[in-house]
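Just below is one structure, and these are the notes that go with it.
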Amino acid sequence: MDYCWDYWRFTGFSIKLRFEEAFPAQNVSVGVLGNILAAIAFTHDRAAEELSTEELDYCDPDIEVSLLLKAVKPPNRTQEAIPG
């Protein structure tokens, strides 16, 4: 999603910016999953089992239903220096 100005909610772009404030940029990776059918099913309280695997697996980058985030804390250099 190319809405780099959209900060009022979590998007792939905004969550990456927020976590890069606390973690080194190279330690933050973000992915997005979703499509219009999955979004409609979610808002109408439909179970995932009501959709086929093909319907759920299709990924439309403009419809962000789920955000995937991995942020890795860098090693603490002071603890490495302490023997023991």
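Which residues, counting only those in the stretch 5-17, are closer than 19 Å to L68 by Cβ and either basic (K, R) or in a loop (DSSP other than H, G, I, E, B) (or both)?
First, pick out the residues of the stretch 5-17 that are closer than 19 Å to L68 by Cβ: 6, 9-17.
Selection gives D6, R9, F10, T11, K16.
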Open item on the list: Looking at the stretch 61-76, I want the residues that are outside any strand (DSSP E or B) and have a partner that is small (G, A, S) with Cβ atoms under 8 Å, at least 6 apart or on another chain. Which pairs are those?
Closed with: I63/G34; I63/A38; I63/A39; E64/G12; E64/G34; V65/G34; V65/A38; V65/A39
Open item on the list: Taking the condition of being aliphatic (A, V, I, L, M), in a loop (DSSP other than H, G, I, E, B) and either exposed (fewer than 13 other Cβ atoms within 10 Å of the Cβ) or under 14 Å from the mean Cα position of the chain (by Cα) (or both), how many residues in the stretch 35-60 meet it?
Closed with: 1
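For the stretch 38-81, which residues satisfy the criterion of being among the aromatic types (F, W, Y) and modelled with pLDDT of 95 or more? Spell out how you get there, then give the answer.
The first filter runs over the stretch 38-81 and keeps only residues among the aromatic types (F, W, Y), leaving 42, 58.
Within the stretch 38-81, just Y58 meets the criteria.
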Open item on the list: Filter the stretch 18-34 down to the residues that are within 30 Å of A48 (Cβ to Cβ) and part of a helix (DSSP H, G or I) and list them by number.
Closed with: R18, F19
Open item on the list: Restricting to the stretch 1-37, name every residue that is more than 30 Å from P75 (Cβ to Cβ), in contact with a helix residue (DSSP H, G or I) (Cβ under 8 Å, 6 or more places away or on another chain) and modelled with pLDDT of 95 or more.
Closed with: N35, L37
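The values are calculated or read from the model by the stated rules, or taken from the named source; none is laboratory data. Computed from a prediction, not measured in an experiment: that's the story for all the values here. Positions of Cβ are backbone-derived with ideal geometry, glycine not excepted, and every protein chain shown enters the neighbour counts.
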